[in-house]
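The values are calculated or read from the model by the stated rules, or taken from the named source; none is laboratory data. Here the structure is a predicted model, which is why all the values come from computation and not from measurement. Cβ coordinates were reconstructed from backbone atoms using ideal geometry, including for glycine residues, and neighbour counts include every protein chain displayed. Just the protein is used for accessible areas: all its heavy atoms, side chains included, with ligands, DNA and RNA removed. Shrake-Rupley method; radii C 1.70, N 1.55, O 1.52, S 1.80 Å.
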Amino acid sequence: MAVCKSYIKKKYKGILYIVPTPIGNLSDITYRAVEILKNVHIIAAENIHHTTILLNHFDIKNYIIAMNKHNEKKQSNYLIEQLKKGKNIALVSNAGTPVINDPGYFLVVECHLNDIQITPLPGACAAITAIVASGISAKRFCYEGFLPSKKKERCNLLKSLRKEERTLIFYETKHRILESIQDIIEEIDDNRYITLAKEITKKWEFIYKEKAKIILEWVQHNKNSYKGETVIIIEGFKPPKYKLISQKEINTFNILRAFLTLKQSVYITSQIHKTKKNNLYQYAIKKEEK
Ligand code: SAM
């Protein structure tokens, strides 16, 4: 009988804990996270200074080493050795969940390769905190991280996501917010709903949902829009409800419509082309609404 691999005991005793930390409000940390940060042998932090502030707040004294995007591979080798020796390690980033646009992925992969147990803790993540308050569907969504800094790459990415039906989540830096909203309008749509979730859990928390064109006006006229950390949520593409209609049907309909009512034109077109009139009817209504 095949044995489920996840039930096989790990070879080494050491555990890598992935520990989310607050994204603004220092109280947004779990009891379990505080306990783990107190009791592990090593804390691997994106920035020692940043994490020391958090540890001081909770009166935690522990051994911290830096693991950031510049030394991740080298430090991962060291941490894997320590885990193999039975040491427990907590991975933290400056804010939110490690690995989510923060260091840690390489270390997690190495843990899998070396048969080391990984224990993730649930906790703060800007993307998830933002989407639940966005007023835009969280039923299906895709997280895209930061939009590219170069305009051409940013526009290409946005263009490729124009027909994405899931809600889109982006992280954004304050100095690029205007350009990004302009590109979203150019490449996606000016009529889609967007939510800006700024400074979540902080003093100047601000969550604003509007059509893209109104968001653009707001960004252009509010110097506060350039301040703080931002998550951008974009409503997914909504495909038109009617099925595809052939160009021949459309041509016939257009000729008839010049002389007849909408209903008569739809009826005669569907008789000529032997198609269902419902599809054409919906198409025609949509067209005349524009
Ligand atoms: N690992 C983090 C997480 O779990 O959310 C994300 C780190 S990423 C380097 C930083 C970006 O997250 C910011 O530029 C911003 O887009 C978003 N972010 C972080 N904290 C935020 C907050 N309090 N309010 C809004 N956005 C935030």
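Taking Ala197 as meeting all but one of (1) outside the structural domain of Tyr143 (by TED's automatic domain parsing); (2) within 16 Å of the ligand (Cβ to nearest atom), write down the number of the exception.
(1)
Quick one: which helices (runs of 4 or more DSSP H) sit completely within the range 237-290 and have at least 2 residues that are among the hydroxyl-bearing types (Ser, Thr, Tyr)?
Hits in the range 237-290: 262-273, 277-289.
If a residue must be farther than 13 Å from Ala45 by Cβ, in contact with a helix residue (DSSP H, G or I) (Cβ under 6 Å, 6 or more places away or on another chain) and within 16 Å of the ligand (Cβ to nearest atom), how many such residues does the range 97-121 contain?
3
Answer yes or no: is there a residue in the range 55-70 that is open to solvent by 40 Å² or more (accessible area, probe 1.4 Å), assigned to a helix (DSSP H, G or I) and farther than 21 Å from Tyr31 by Cβ.
no
Confirm whether Phe170 is over 29 Å from Lys277 (Cα atoms), touching a residue at least 60 places away in the same chain (Cβ under 8 Å), assigned by TED's automatic domain parsing to the domain that holds Lys152 and aromatic (Phe, Trp, Tyr). Quick ask: steps written out before the conclusion?
Working: over 29 Å from Lys277 (Cα atoms): yes; touching a residue at least 60 places away in the same chain (Cβ under 8 Å): yes; assigned by TED's automatic domain parsing to the domain that holds Lys152: yes; aromatic (Phe, Trp, Tyr): yes.
Yes: the conditions hold for Phe170.
Can you tell me which condition Tyr283 does not meet? The list is (1) buried (at least 19 other Cβ atoms within 10 Å of the Cβ); (2) more than 35 Å from the chain's Cα centre (by Cα), and all the others hold.
Here Tyr283 clears every test but (2).
Could you figure out which of (1) more than 22 Å from Glu229 (Cβ to Cβ); (2) in a helix (DSSP H, G or I); (3) without any contact (Cβ under 8 Å) to a residue 24 or more places away in the chain; (4) not aromatic (Phe, Trp, Tyr) isn't true of Lys73?
(3)
Scan the range 153-173 residue by residue and report those that are of a type outside the set (A, V, I, L, M, F, W, C) and either buried (at least 19 other Cβ atoms within 10 Å of the Cβ) or within 15 Å of the ligand (Cβ to nearest atom) (or both).
Passing the criteria: Arg154, Thr167, Tyr171, Glu172, Thr173.
How many residues, within the range 78-89, are surrounded by fewer than 17 Cβ atoms within 10 Å (Cβ to Cβ) and touching a helix residue (DSSP H, G or I) at 6+ places or on another chain (Cβ under 8 Å)?
0
Here are Glu153, Glu199, Glu187: which of them is over 15 Å from the mean Cα position of the chain (by Cα), at positive phi and of a type in the set (D, E, K, R)?
Just a single option satisfies the conditions, and that option is Glu199.
Go through the range 36-55 and count every residue that is closer than 16 Å to Thr97 by Cβ and among the aliphatic types (A, V, I, L, M).
6
Can you find a residue in the range 258-268 that is outside the structural domain of Lys159 (by TED's automatic domain parsing), open to solvent by 60 Å² or more (accessible area, probe 1.4 Å) and closer than 26 Å to Thr167 by Cα?
no
Quick one: which of Lys213, Lys223, Lys238, Lys203 is within 16 Å of the ligand (Cβ to nearest atom) and open to solvent by 50 Å² or more (accessible area, probe 1.4 Å)?
On the way: Lys213 fails: within 16 Å of the ligand (Cβ to nearest atom); Lys223 fails: within 16 Å of the ligand (Cβ to nearest atom); Lys238 fails: within 16 Å of the ligand (Cβ to nearest atom).
Among Lys213, Lys223, Lys238, Lys203, only Lys203 is within 16 Å of the ligand (Cβ to nearest atom) and open to solvent by 50 Å² or more (accessible area, probe 1.4 Å).
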